[in-house]
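Have a look at the structure below before the remarks.
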Amino acid sequence: MPEQFYKSDTPGERHEKRVFQLKKEIARETNPEKRGALQALLDEIEKKFYLEQQEKRIKAAKLYRSKRNKKIASIFLSGLLIIAAAATGLYFMGKPMNEGSSTSNAEDSMDRSNVLESDAATVAEPIVHDRVTPLSKGQVRAYRYHV
């Protein structure tokens, strides 16, 4: 009897129909040799179906694990990015804003380096007054230096 499958049948349903058909034939068969051959065929079909199902489960598990690992990695990296952005924001929050341009800062540093390199740049001694007046309560003495 030919097997009758429908397009809507799943592989599991088709397998069940084949097994049911073979079991009916084995039950009707009177010849022991033919019965043994049909039983061997049934065992082979069962084994093949079981191995296919096992391979499908393994592939599905691998796919699930890879998707899960990708999600975990993306969550971890986004968290790391958020932490880095927060740390950068906190770092620059305490720094004063530069009001001048960066070129003027570069010129100032160039002037300072030229002054330090030249021999003419010496620090003058502080001006010392001959008279030292006593300070009253709350006053502060100020010294001036020529630079």
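The values are calculated or read from the model by the stated rules, or taken from the named source; none is laboratory data. The shown structure was predicted, so the numbers you read here are calculated from the model rather than taken from an experiment. Virtual Cβ from ideal backbone geometry, glycine too; neighbours counted across all protein chains shown.
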- [ ] Taking the options 33, 46, name whichever one is acidic (Asp, Glu) and in contact (Cβ under 8 Å) with a residue 12 or more places away in the chain.
- [x] 46
- [ ] Go through the stretch 46-90 and count every residue that is more than 15 Å from the chain's Cα centre (by Cα), among the hydroxyl-bearing types (Ser, Thr, Tyr) and closer than 30 Å to residue 10 by Cβ.
- [x] 2
Open item on the list: Looking at 27, 37, can you tell me which residue is loosely packed, with under 10 Cβ neighbours inside 10 Å and either out of contact with any Leu (no Cβ under 8 Å at 6 or more places or on another chain) or small (Gly, Ala, Ser) (or both)?
Closed with: 27
- [ ] From (1) out of contact with any Lys or Arg (no Cβ under 9 Å at 6 or more places or on another chain); (2) at pLDDT 90 or above, pick out the condition that doesn't hold for residue 89.
- [x] (2)
